[in-house]
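**Student:** Questions regarding the structure given below will be posed in turn.
The values are calculated or read from the model by the stated rules, or taken from the named source; none is laboratory data. Please read these numbers as outputs of a predicted model, since none were measured by experiment. Note that each Cβ is placed from the backbone with ideal geometry, even for glycine, and that neighbours are counted across all protein chains shown.
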């Protein structure tokens, strides 16, 4: 059977809460698109011993990587094992509503130039967008790191996801990468997926998962982290470590955001070469 959509879900099944959350995600996904048969579900599982206690349905392809967890790394593992023309990159704490993918597909088929998409959470954003879709790159508003649907060919263009991004700032990197390569992203207002807001993260922290307590490198911190706006980052080892990864690649986030605002306009004027030069300058000089 030809696969149209590959849905990649990340999970660490080490509690009943996580198992039930992931199963609700899978069950809602199966029920959401009954008319579309070419959907495969790939679960990239972080708990190597999950099968001693929990069992996922046979139609779910479960992959247990040997490598240490990384958000982009594990998504890339799922991408390489997938075969769909479209690929959905998903958290496990989602509830898919009827025809969520069909609505994205309508926009994709009508607007061939758009290669990346996100749904909306209808509980919070039902009347937020004026049209059926909106082009943009704003994190949490237009790019939803918890559910991104993209064309396989797009991932080839960007050489998959940057595996340096382990947890935080993954969606920021995705957004800037799209701008850098002049790839259009749209949030689709008729595609509805409920996000249960970091169920897995909260469960991991509650269980004192060592991943969130990694020591930060002793390298000198950049000057912008001394500003009050970044005070909270210094309270989290994981958050600080990931922020430094972001800084090493893209530079000072304040000036990155300013460039990002201009990049969309430059790209629309076929001046993507200027966008690339601006980002490359920031990478070199960390400004």
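**Student:** Within segment 35-73, count every residue that is exposed (fewer than 12 other Cβ atoms within 10 Å of the Cβ) and in contact (Cβ under 8 Å) with a residue 12 or more places away in the chain.
**Tutor:** Total meeting the criteria: 4.
Conditions (1) within 25 Å of residue 109 (Cβ to Cβ); (2) in contact with a strand residue (DSSP E or B) (Cβ under 8 Å, 6 or more places away or on another chain); (3) modelled with pLDDT of 95 or more; (4) buried (at least 20 other Cβ atoms within 10 Å of the Cβ), marked per residue:
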| position | (1), (2), (3), (4) |
| --- | --- |
| 126 | yes, yes, no, no |
| 129 | yes, yes, no, no |
| 139 | no, no, no, no |
| 146 | yes, yes, yes, yes |
| 154 | yes, yes, yes, no |
| 167 | no, no, no, no |
| 174 | yes, yes, yes, yes |
| 178 | yes, yes, yes, yes |
| 185 | yes, yes, yes, yes |
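**Student:** Residue 81 passes all but one of (1) touching a strand residue (DSSP E or B) at 6+ places or on another chain (Cβ under 7 Å); (2) surrounded by 18 or more Cβ atoms within 10 Å (Cβ to Cβ); which number fails?
**Tutor:** (2)
Residue by residue, here is whether (1) at pLDDT 80 or above; (2) assigned by TED's automatic domain parsing to the domain that holds residue 165; (3) surrounded by fewer than 14 Cβ atoms within 10 Å (Cβ to Cβ) holds:
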residue: 205; (1), (2), (3): no, no, no
residue: 221; (1), (2), (3): yes, no, no
residue: 232; (1), (2), (3): yes, no, yes
residue: 265; (1), (2), (3): yes, no, yes
residue: 269; (1), (2), (3): yes, no, yes
residue: 279; (1), (2), (3): yes, no, no
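**Student:** Given 21, 17, which one is surrounded by fewer than 19 Cβ atoms within 10 Å (Cβ to Cβ), on the phi < 0 side of the Ramachandran plot and touching a helix residue (DSSP H, G or I) at 6+ places or on another chain (Cβ under 6 Å)?
**Tutor:** One residue alone meets the criteria, 17.
**Student:** Given the condition crowded, with 19+ Cβ neighbours inside 10 Å, out of contact with any helix residue (DSSP H, G or I) (no Cβ under 8 Å at 6 or more places or on another chain) and at pLDDT 95 or above, answer yes or no: does some residue in segment 84-94 qualify?
**Tutor:** No; the residues of segment 84-94 include none that is crowded, with 19+ Cβ neighbours inside 10 Å, out of contact with any helix residue (DSSP H, G or I) (no Cβ under 8 Å at 6 or more places or on another chain) and at pLDDT 95 or above.
Here is a yes/no grid of residues against (1) assigned to a helix (DSSP H, G or I); (2) more than 15 Å from residue 149 (Cβ to Cβ); (3) not assigned by TED's automatic domain parsing to the domain that holds residue 160:
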| site | (1), (2), (3) |
| --- | --- |
| 19 | yes, yes, no |
| 40 | no, no, no |
| 47 | no, yes, no |
| 54 | no, yes, no |
| 57 | no, yes, no |
| 62 | no, yes, no |
| 67 | no, yes, no |
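**Student:** Of these, 128, 98, 112, which one is over 16 Å from the mean Cα position of the chain (by Cα), within 28 Å of residue 16 (Cβ to Cβ) and assigned to a loop (DSSP other than H, G, I, E, B)?
**Tutor:** The conditions single out 98.
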